[in-house]
Ligand SMILES: Cc1cc2nc3c(=O)[nH]c(=O)nc-3n(C[C@H](O)[C@H](O)[C@H](O)COP(=O)(O)OP(=O)(O)OC[C@H]3O[C@@H](n4cnc5c(N)ncnc54)[C@H](O)[C@@H]3O)c2cc1C
């Protein structure tokens with residue numbers, strides 16, 4: 001074993017409230033929008049999900065020629081639809097990645113007093129749960145649900161408020177935004 005292993009720091013970022021500016025001409029996706037810790041192996045996958053949804057929304061905007069659904073009356077409303085579909089799920093993935101890191105290292109708050117064997121059982125159980133929702137999302141169904149429900153003015157799905165968006169806490173627990 002190397003006597004002097006090197007250390008790499010890994011960083012994520014706090015959730016952003018907004019991913020689009022200048023009337024939809026500037027739109028964030030990928031790590032620029034939601035850099036996350038690598039413990040779920042999900043950062044690139046989330047970036048691809050952004051690309052799929054943004055591509056679908058912009059394609060519909062270009063084909064609609066400003067007619068039909070109110071989502072596509074402007075570039076800004078199109079960007080708002082993209083944000084409404086993707087932001088809650090990407091931020092939940094950020095928060096869960098942080099929680100996964102603490103779980104793998106047995107540093108989740110409820111693991112600190114437990115034995116190694118007890119923690120191993122919890123790691124297996126929680127990893128299964130965390131991976132399941134990351135990998136089993138139906139992106140087009142999520143897009144159509146938000147598209148059908150409509151948006152608030154700020155570009156969030158109707159019925160969703162800040163309580164439902166994931167917040168990354170310093171102890172690694174995924175919990176609703178304050
Ligand atoms: C250790 C580690 C392990 C990971 N493991 C996984 C995994 O198993 N599965 C997974 O899905 N994800 C994983 N990820 C996350 C994944 O790598 C990122 O989420 C993904 O690369 C983000 O893609 P992106 O295109 O948004 O950003 P990036 O890949 O960072 O691409 C941004 C590009 O922009 C360029 N750039 C920056 N500034 C400028 C500028 N001013 N002008 C021109 N170009 C510029 C950069 O050089 C870079 O090429 C891991 C990340 C890390 C750090």
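The values are calculated or read from the model by the stated rules, or taken from the named source; none is laboratory data. Given the structure is predicted, the values throughout are model-derived calculations rather than measurements. Counting neighbours? That spans all protein chains shown, and the Cβs are built from the backbone with ideal geometry, glycine included.
Odds and ends about this structure:
Let's see how each residue does on (1) in a helix (DSSP H, G or I); (2) within 14 Å of the ligand (Cβ to nearest atom):
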residue	(1), (2)
60	yes, no
63	yes, no
84	yes, no
96	yes, yes
107	no, no
131	yes, yes
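- Looking only at residues of the range 1-37 that are within 8 Å of the ligand (Cβ to nearest atom), modelled with pLDDT of 95 or more and surrounded by fewer than 19 Cβ atoms within 10 Å (Cβ to Cβ), we find that the one that is farthest from the chain's Cα centre (by Cα) is 32.
- Pairs with Cβ under 6 Å, 6+ apart, first in the range 37-51 and assigned to a loop (DSSP other than H, G, I, E, B), second within 8 Å of the ligand (Cβ to nearest atom): 37/10
- As for the range 111-131, it holds at least one residue that is closer than 27 Å to residue 32 by Cα, at pLDDT below 95 and in contact with a helix residue (DSSP H, G or I) (Cβ under 6 Å, 6 or more places away or on another chain).
- Being more than 17 Å from residue 85 (Cβ to Cβ), within 16 Å of the ligand (Cβ to nearest atom) and in contact with a helix residue (DSSP H, G or I) (Cβ under 8 Å, 6 or more places away or on another chain) is a condition met by at least one residue of the range 42-57.
- Which listed residue is in a helix (DSSP H, G or I), more than 26 Å from residue 11 (Cα to Cα), out of contact with any strand residue (DSSP E or B) (no Cβ under 6 Å at 6 or more places or on another chain) and in contact (Cβ under 8 Å) with a residue 40 or more places away in the chain, from 90, 142: 142
- Flag if residue 99 is touching a strand residue (DSSP E or B) at 6+ places or on another chain (Cβ under 9 Å), surrounded by 11 or more Cβ atoms within 10 Å (Cβ to Cβ) and either under 18 Å from residue 47 (Cβ atoms) or modelled with pLDDT under 90 (or both): no
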